[in-house]
Amino acid sequence: MTGTLIVAGLGPGDEALITPEVTVALAEATDVVGYIPYVARIAKREGLTLHATDNRVELERATHALEMAASGRKVVVVSSGDPGVFAMAAAVFEAMERAPYLSRVDVHILPGITAMLAAAAKIGAPLGHDFCAINLSDNLKPWAIVERRLRLAAQADFAMAFYNPRSASRPHQFTQTLDILREECGPERIILFARAVTTPQEQIRATTLGEARPEMADMRTVVLLGNASTRSIGRYVYTPRHAG
Ligand code: SAH
């Protein structure tokens, strides 16, 4: 079972931020596989089958894509942003590990611009020094791990980017996140809420942990927290390149 599978990042929303190699891969595809809103971004055309699936079935989606690739189809799995950041690239390898008969499929990961970098670029350079990215969803890990990572990253003075910050099914967790961060970083720390970056619905708000409210984030928001040196200059926010 050979074949080729492409896993591509569509960037944060703006067409201009899709890389040329992803555009070529999509133009040559016979099948595009992914979560419903991401597949909706792909133009329909003759000879192309779109396979839009629910978000909760990542492994089945990945296995299906590998099987189609093994059968000789030109399959592209799409993610928003970068496929390696809380997205389908790792799911494809996990599926491959579970189904050894698919392990000879040649997989190509095509990077994309991830939400935190698109957001940071709109704001200035808030991630200009050491930073980390944390997925606040507890779908795939216990909340206790999230809490521990938040505290340790804050104590190490990392700037942070938070993906999947707040969903309707677990609104209390983002409230807890803000409480932990206030405890560790104090009320003056800069926090940025960047929603639907590079789309017509884009909304960016800079505030402090003292003023931040849980309702400022939803599932279309990436939240950036500065480190202890992050500061404003005019309408920009940046983190100096030196520390200590
Ligand atoms: N692979 C994607 C992340 C998928 S997880 C990437 O690299 O960007 C989904 C989360 O990404 C959302 O809950 C939100 O936190 C963030 N996100 C994705 N697109 C975004 C955008 N245009 N603006 C702000 N946040 C975005």
Ranked by GNM mean-square fluctuation in the chain (Cα springs under 10 Å), the top entry among P171, P142, P37 is P142
Share antiparallel - DSSP beta bridges, region 89-244, percent rounded to 5: 70 percent
Honestly region 164-213 on the Cα gyration tensor test (a ≥ b ≥ c root eigenvalues; a/c under 1.5 rounded, otherwise a/b vs b/c for prolate or oblate) is just oblate
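So which trypsin sites (Lys or Arg not before Pro) in region 1-57 are both in a DSSP loop and have at most 12 other Cβ atoms within 10 Å of their Cβ?
Numbers: sites: R41, K44, R45, R56; in loops: R41, K44, R45.
Passing both the DSSP loop test and the Cβ count: K44, R45.
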Using the Cα centre as the reference, give the magnitude of the dipole from point charges on the C-beta atoms of the chain (Lys, Arg: +1; Asp, Glu: -1; all else neutral), rounded to the nearest 20 debye. 340 debye
Just to check I understand the Karplus step: with θ = phi - 60° and J = 6.51 cos²θ - 1.76 cosθ + 1.60, what whole-Hz values come out for region 117-122, glycine and proline as x? 7, 5, 5, 4, 5, 5
Can you list the aspartates and glutamates whose alpha carbon is less than 13 Å from that of K44, not counting same-chain residues fewer than 8 positions off? E28, D31
Report for region 1-141 the percent antiparallel among DSSP-assigned beta bridges with both residues inside it, nearest 5. 5 percent
Under a GNM of the chain (C-alpha, springs under 10 Å), which listed residue has the highest mean-square fluctuation: V24, V92, V105? V24
Within straight-line cross-link reach of K122, aspartates and glutamates at Cα separation under 14 Å, skipping those fewer than 8 residues along the same chain: D14, E202
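Let a ≥ b ≥ c be the square roots of the eigenvalues of the Cα gyration tensor of region 152-244; is it rounded (a/c under 1.5), or, if not, prolate (a/b larger than b/c) or oblate? Provide the component values of the computation, followed by the final result.
Details: a/c = 1.94, a/b = 1.21, b/c = 1.60.
Since a/c reaches 1.5 but b/c is at least a/b, the shape of region 152-244 is classed as oblate.
For region 85-135, run through the trypsin sites (Lys or Arg not before Pro) and keep only the ones in DSSP coil with at most 12 other Cβ atoms within 10 Å of their Cβ. Write out the running numbers ahead of the final one.
Details: sites: R98, R104, K122; in loops: R104.
Answer in residue order: R104.
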Setting aside same-chain residues fewer than 8 positions from K141, which aspartates and glutamates have a Cα under 18 Å from its Cα? E58, E94
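Throughout, read-outs are computed from the coordinates displayed, never taken from laboratory work. Just so we're clear, the structure is a prediction, and the values are computed from it rather than from any experiment. As a convention, Cβ positions derive from the backbone with ideal geometry for all residues, glycine included, and neighbour counts pool all protein chains shown.
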